[in-house]
Each structure stands twice: as C-alpha cells, then as structure tokens.
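The values are calculated or read from the model by the stated rules, or taken from the named source; none is laboratory data. The model shown is predicted, which means the values in this text are computed figures rather than measured ones. Glycine gets a Cβ as well: all are built from the backbone with ideal geometry, and neighbour counts include every protein chain shown.
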Amino acid sequence: MPMPKNIGVIDTMLDLPSPKQKGWVNQFASLFHDKESKEGAFHHPAGFLFKDPVKAERGSDPIGDTLREMDKHNIEYALCHVNDEVTVEAITKHKDRFGGSVYLDMNGGMDTVRNLVRAYEQWGVKAATFFPSGQTPPVPINDKRAYPVYAKCIELDIPIFVNGGVPGPRMPMDAQYVGYVDEVCWFFPELKFVFRHGCEPWTELAVKMLLKWPNLYYSTSAFAPKHFPKDIINYANTRGADKIIYAGYYPSGLSLDRSFSELPDVPFRDHVWPKFLRENAIKVLKLDKK
C-alpha cells in the first residue's frame with residue numbers, strides 16, 4: 001500500500017511559472033461579479049480555496065527551474081498548457097520531459113477546430129483542454145458547440161481534459177454538471193474524455209459514469225492528495241485502477257513539495273500506484289515510454 005519511490009511520475013497538469021500571474025482577471029472578466037475576483041485579490045482565480053497557495057514566479061530560466069522541481073520529485077514527464085513561447089520551447093525542445101495541452105474556446109466554431117489542428121501539427125500537442133464554466137459565455141460539457149472539437153480529438157487521437165464539478169473561480173457551475181458527460185461518451189465512444197478538478201459534489205455520479213463508459217477517465221488535478229475524494233479512492237482500489245490518473249496543480253495552487261509529502265498517505269492498494277502515477281497517463285496520452 002505505501003507509495004513506491006522508484007516510479008517515474010507522469011503529471012498531467014504541471015505548468016511553467018507564468019510571467020503574468022494575474023492574467024486571469026482579464027481572461028474571465030465578464031464572468032466575475034464579486035469585487036475580489038474583479039479586482040484580482042487572489043494570486044489565482046480559485047486562490048481563496050487554498051490555505052497556502054504556491055506563488056512560483058518566472059525567473060530567468062523557467063524551463064530549467066521547472067525541470068529541477070520535477071527532478072526533485074521524480075516527475076519524468078509533465079503535460080503543460082501551451083500559453084506562450086516559452087512553453088512552446090519546452091514542449092518542442094524537451095519532448096522527453098514536456099507535452100503540450102491546448103486550451104480551447106468552444107464558442108469559436110471552426111476557428112477553434114483549426115487552432116487545435118494547427119497546435120497538433122506545429123507543436124505536437126498531446127491533448128486538448130476545455131473549461132466549460134470559464135467560457136464566455138459558458139458552454140456545458142454536452143453542448144453542441146463542443147461537438148466539432150470532440151470529433152476532431154477523435155480524428156487526431158488525442159484526449160480532451162475537461163473540468164467537472166463546482167468550479168473554483170466564482171462563476172456559475174451548471175456547465176460542469178458531471179451528468180452531462182453521459183451523452184458525450186454515448187455519442188462519441190472513441191473519444192478519450194478525462195475529467196479534471198474533482199467533480200465535486202457529484203463524485204458518486206462520476207464513479208457511476210466511469211463504470212459505465214470505457215472511454216471516460218478521471219484525473220486528480222487541483223486537489224491536495226489528503227483531499228482526494230473518498231469515492232475516487234475506493235473506485236481506484238476496486239474496479240477503477242485503470243481509470244484514475246495523477247495530476248497535480250503546480251504552480252497554480254499547490255507546490256510539488258506539498259503534493260509529494262501527502263501522496264504517500266493516500267490509501268491506494270499496491271496494484272493501483274504504478275497505474276495511477278504513470279501507466280494510465282502513458283496509455284491515454286499515447287506516450288512512447290515503457
């Protein structure tokens with residue numbers, strides 16, 4: 001049951017420190033109504049949820065700094081959001097350590113589809129990312145505006161990581177109702193759909209969906225390990241060892257020191273650890289790793 005120490009971890013949500021940590025204020029401006037969010041009172045849009053959020057500033061060697069942090073915790077490979085030229089350099093010049101994930105605007109129609117194809121062809125991105133409540137206006141998980149992107153992900157054979165459950169930022173939650181994935185997995189059985197950010201308070205429903213649909217997965221992003229939902233831990237230990245994928249939240253809200261100090265206390269069974277920390281991500285992202 002103890003977490004093994006000899007596994008090269010695949011982290012499916014780890015970014016380079018951003019030079020514009022408050023850029024989210026403008027990104028989500030039209031969705032915020034409360035004063036604190038509108039004025040950028042938090043280091044991160046959901047920063048109020050974290051007792052001691054990490055504040056990693058970009059230095060003169062952001063790629064090297066990130067690699068050193070990864071090496072410290074035996075993280076072999078990280079999936080990063082492509083948000084600037086430094087991240088592009090990381091995923092194109094350090095392909096053995098970084099892979100790209102492109103954030104998509106589901107209100108963009110065919111332009112969004114073309115942007116996804118361009119990112120795949122130019123930078124070799126490994127995944128797409130969709131934040132339903134963070135779209136302007138919000139786009140529910142099963143909305144027809146997302147269907148062209150789902151179809152293109154199937155054609156490119158890449159997964160899409162989608163926020164599920166109550167969003168951290170102070171914006172409406174309806175677009176991220178976990179039950180909406182039922183229709184998506186039914187209509188697109190070839191789509192590799194990975195839930196992000198907890199799925200609370202619908203974790204029991206998320207487990208039912210994971211049991212029902214073979215193309216549905218769950219990643220543990222944005223949760224400190226001591227707060228991993230019990231429903232998810234129980235599912236991984238019983239029938240879901242092949243469906244739960246490790247994801248951190250560095251540098252958005254959690255330090256790697258905190259995550260890896262708490263991970264050994266997660267009560268996973270022995271057979272779950274290698275799949276959770278590495279093997280499931282390799283399968284879903286189609287990585288050339290043993």
*Could you check ASP11 against (1) of a type in the set (D, E, K, R); (2) under 27 Å from SER133 (Cβ atoms); (3) modelled with pLDDT of 85 or more; (4) surrounded by fewer than 16 Cβ atoms within 10 Å (Cβ to Cβ) and say which number it fails?*
(4)
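For every residue, the table says whether it meets (1) touching a Cys at 6+ places or on another chain (Cβ under 9 Å); (2) aliphatic (A, V, I, L, M).
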position: ASP84; (1), (2): no, no
position: VAL88; (1), (2): no, yes
position: SER101; (1), (2): yes, no
position: GLY109; (1), (2): no, no
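Going through VAL82, VAL102 one at a time, which residue ends up being of a type in the set (Val, Ile, Thr), at pLDDT 95 or above and in contact with a His (Cβ under 8 Å, 6 or more places away or on another chain)?
Only one candidate passes the filter, namely VAL102.
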*Restricting attention to region 172-223, which residues are in contact with a Cys (Cβ under 8 Å, 6 or more places away or on another chain) and of a type outside the set (D, E, K, R)?*
VAL178, LEU191, PHE193, LEU205, ALA206, MET209, TRP213, ASN215, LEU216, TYR218
*Tabulated pairs, region 76-95, first crowded, with 16+ Cβ neighbours inside 10 Å and aromatic (Phe, Trp, Tyr), second part of a strand (DSSP E or B) and modelled with pLDDT of 95 or more, C-beta under 9 angstrom, 6+ apart or interchain*: TYR77/VAL9; TYR77/ILE10; TYR77/ASP11; TYR77/PHE98; TYR77/GLY99
*Go through region 150-190 residue by residue and tally those that are touching a Ser or Thr at 6+ places or on another chain (Cβ under 6 Å) and outside any loop (DSSP other than H, G, I, E, B).*
3
